[in-house]
Amino acid sequence: MISVEECLEKTEEVLKKYKFFDNFEKCSIITAYASGSIFEGFGNENSDIDIFVIVDKLPEENMFEDFNEKNPNSMFFNKNNYIIITFRVEGLAFDVEFHTKKNIEDYITNVNENTKEIRSYTNIEYDVLHRIKYGVSLYNRERFEAMRKGIKYNNFNSIIPNCYSDYTSGDLLDVKGAFYNKDYATAYYMSSNLLFQTINAYLALHGETNPKMKWIFKKIERYEKENIEKDIDLKLILDKNYKSIDIYNNDSLIRAIQDNLSSFQKLNTYIQRKR
Amino acid sequence: MKLNPFFSIKKQDNEYFGLLDYEAYELNDTSLFILESLQEGKQIEEIKLELLNMYDVKEKKLDKDFQKIVNSLKNENIIVSSD
C-alpha cells in the first residue's frame with residue numbers, strides 16, 4: 001500500500017514538473033491541498049489523487065490550454081460553481097477541483113451556524129468539507145490550517161445522522177410493504193440497505209464522515225481501533241447480516257430480516273439519543 | 001413482549017417520538033425507557049423492577065401506571081407478543 005508520505009512526494013513532484021499552479025495565477029490561488037482515499041488511509045496504488053484548489057476566481061478553459069498540450073489526456077469540466085481538471089501522469093490519476101473562496105466560506109458558515117436546511121446539503125458541499133479534514137497542504141499551509149481549524153466538526157458529524165433520520169420511517173415502510181407482500185428477498189435487501197445506512201449514520205456521529213458507502217468496512221475498522229470501549233459492536237451486527245442467508249428459503253430470509261430490523265432499532269435509538 | 005419490528009424512534013426538537021406506519025406517538029421518559037429495555041431483550045417484569053428501583057414510588061402505584069403505559073403501547077401495536 002502506498003503511504004501518505006510517498007503519495008504526497010509524488011504529487012508535489014508532478015505539480016512542480018508541470019508547473020501546474022502557474023497556469024492558474026490569474027485565479028489568485030488562496031490555498032491548495034491534497035486529499036482523497038490514500039490521504040485518509042483507505043486507498044491503494046490504484047486510487048485517484050484528489051487535489052483541491054481554493055481560488056478567488058474560477059479558471060477558464062483557455063488557462064488550461066498549455067497544460068493540455070503537454071498532457072493531451074487531461075480534461076476540463078465546468079460544473080458551474082466549481083471546475084474539475086483530470087489527468088494521468090506517471091501512472092498516477094489526478095482529479096483537481098477548483099472552488100471559490102466565497103463558496104468554501106459559505107459551506108463552512110452553514111455548518112458552523114447550523115443555518116442550512118439539512119436536506120439541502122449538496123454532495124459536493126459535504127464532500128469538500130470532509131476532504132479538508134483529511135487534507136494535506138500543498139500551497140499556503142497557514143491558510144489551509146486556518147480553514148481547517150475554522151470548521152466545527154462536531155456540527156459536521158451530525159449532518160448525515162440528521163439527514164438519515166428524515167428518511168428512516170419511509171424506508172422502514174418500504175421494508176414492511178415488501179414483507180407483507182411476501183416479497184422476502186426484496187424486504188431482506190431493503191432491510192440490509194436500511195441497516196447499512198444506519199451504521200453509516202452511527203459512524204458519522206463518531207467522526208467517520210467519509211460520504212462513500214464503499215468505505216464502510218474501512219470506517220468500521222478505524223472506528224473500532226479508536227474506540228476500544230465502544231457502545232455497539234458493529235462487526236457483530238454485520239456478521240449477523242451476512243451469516244448463512246439462503247435467498248431461496250423464505251424462513252431463512254424472514255429470520256435475516258428480523259435480525260436486520262432488530263439491529264436497526266438498537267442503532268437507530270442510539271443515534272436519536274446522541275444526535 | 002417485544003418491539004414491533006417496523007417501529008422506530010425519532011428525536012425532533014428534543015422530544016422523542018415513536019413512528020409506526022404513518023403515525024407518530026409522543027414518548028415520555030417512562031415509555032422510552034420501556035421501549036429501550038425491550039430492545040435490549042429485557043422482560044416486562046424485569047423492566048418494572050428497574051423502574052421501581054429508579055423512582056421513589058409505591059409498588060402498587062407503579063404497577064398501575066406501568067400497566068397503563070404497556071396497555072397503551074400494545075393498543076398502538078408498538079409492542080407485540082414475542083411469538
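For the structure I just gave you, tell me whether A:F98 is of a type in the set (A, V, I, L, M, F, W, C), farther than 19 Å from A:N46 by Cα and surrounded by 21 or more Cβ atoms within 10 Å (Cβ to Cβ). Against the criterion (of a type in the set (A, V, I, L, M, F, W, C), farther than 19 Å from A:N46 by Cα and surrounded by 21 or more Cβ atoms within 10 Å (Cβ to Cβ)), A:F98 qualifies.
Given the structure, is A:A204 in contact with a helix residue (DSSP H, G or I) (Cβ under 8 Å, 6 or more places away or on another chain), within 30 Å of B:E15 (Cα to Cα), away from chain B (no Cβ under 14 Å) and part of a helix (DSSP H, G or I)? Yes, satisfied. When region A:242-258 is filtered for residues that are free of Cβ contacts under 8 Å to residues at least 60 places away in the same chain and either closer than 24 Å to A:C163 by Cα or part of a loop (DSSP other than H, G, I, E, B) (or both), the ones remaining, listed by number, are A:K243, A:S244, A:I245, A:D246, A:Y248, A:N249. Scanning for something assigned to a helix (DSSP H, G or I), among the hydrophobic types (A, V, I, L, M, F, W, C), within 10 Å of chain B (Cβ to nearest Cβ) and more than 23 Å from the chain's Cα centre (by Cα), does region A:178-188 turn up at least one residue? Yes: region A:178-188 contains one or more residues that are assigned to a helix (DSSP H, G or I), among the hydrophobic types (A, V, I, L, M, F, W, C), within 10 Å of chain B (Cβ to nearest Cβ) and more than 23 Å from the chain's Cα centre (by Cα).
Residues in region A:1-52 that are assigned to a helix (DSSP H, G or I), under 15 Å from A:K133 (Cβ atoms) and touching a Phe, Trp or Tyr at 6+ places or on another chain (Cβ under 9 Å): A:V4, A:S37, A:F39, A:E40. Taken over region A:263-273, the residue count meeting the criterion of being more than 7 Å from chain B (Cβ to nearest Cβ) and not aromatic (F, W, Y) is 4.
Scoring A:R255 on the criteria (1) within 12 Å of another protein chain (Cβ to nearest Cβ); (2) crowded, with 20+ Cβ neighbours inside 10 Å; (3) not acidic (D, E) leaves a single failure, condition (2). In the condition set (1) crowded, with 19+ Cβ neighbours inside 10 Å; (2) closer than 16 Å to B:S8 by Cα, A:C163 is compliant with all but (1). Hey, does region B:43-60 have a residue that's part of a helix (DSSP H, G or I) and of a type in the set (S, T, N, Q)? Yes, the conditions are met somewhere in region B:43-60. Under the condition of being surrounded by fewer than 17 Cβ atoms within 10 Å (Cβ to Cβ) and without any contact (Cβ under 8 Å) to a residue 24 or more places away in the chain, the residues counted in region A:259-275 number 1. For A:K218, the conditions (1) within 14 Å of chain B (Cβ to nearest Cβ); (2) in contact (Cβ under 8 Å) with a residue 24 or more places away in the chain; (3) not small (G, A, S) all hold with the exception of (1).
Among what's in region B:1-17 and is assigned to a strand (DSSP E or B) and among the polar types (S, T, N, Q), pick the residue that is modelled with the highest pLDDT. Top of the filtered list is B:S8.
Determine whether A:K225 is of a type in the set (K, R) and buried (at least 17 other Cβ atoms within 10 Å of the Cβ). For A:K225, the condition - of a type in the set (K, R) and buried (at least 17 other Cβ atoms within 10 Å of the Cβ) - is not met.
What about A:I104, is it closer than 20 Å to A:S137 by Cβ and under 21 Å from the mean Cα position of the chain (by Cα)? Taking the combined requirement at face value, the residue satisfies it. Applying the condition of being over 19 Å from A:N162 (Cβ atoms) and free of Cβ contacts under 8 Å to residues at least 12 places away in the same chain to region B:5-27 and asking which residue is nearest to the other protein chains (Cβ to nearest Cβ) yields B:P5.
Of all residues in region B:61-83, those that are more than 13 Å from B:P5 (Cα to Cα) and part of a loop (DSSP other than H, G, I, E, B) total 1.
Of the residues B:I34, B:I78, B:I69, the single one that is more than 22 Å from A:L172 (Cβ to Cβ) and away from every other protein chain (no Cβ under 11 Å) is B:I69.
Using the structure shown, decide if A:N162 is within 14 Å of another protein chain (Cβ to nearest Cβ) and assigned to a helix (DSSP H, G or I). For A:N162, the condition - within 14 Å of another protein chain (Cβ to nearest Cβ) and assigned to a helix (DSSP H, G or I) - is met.
The values are calculated or read from the model by the stated rules, or taken from the named source; none is laboratory data. Given the structure is predicted, the values throughout are model-derived calculations rather than measurements. Neighbour counts are summed over all protein chains in view; Cβ atoms, including those assigned to glycine, are modelled from backbone coordinates with ideal geometry.
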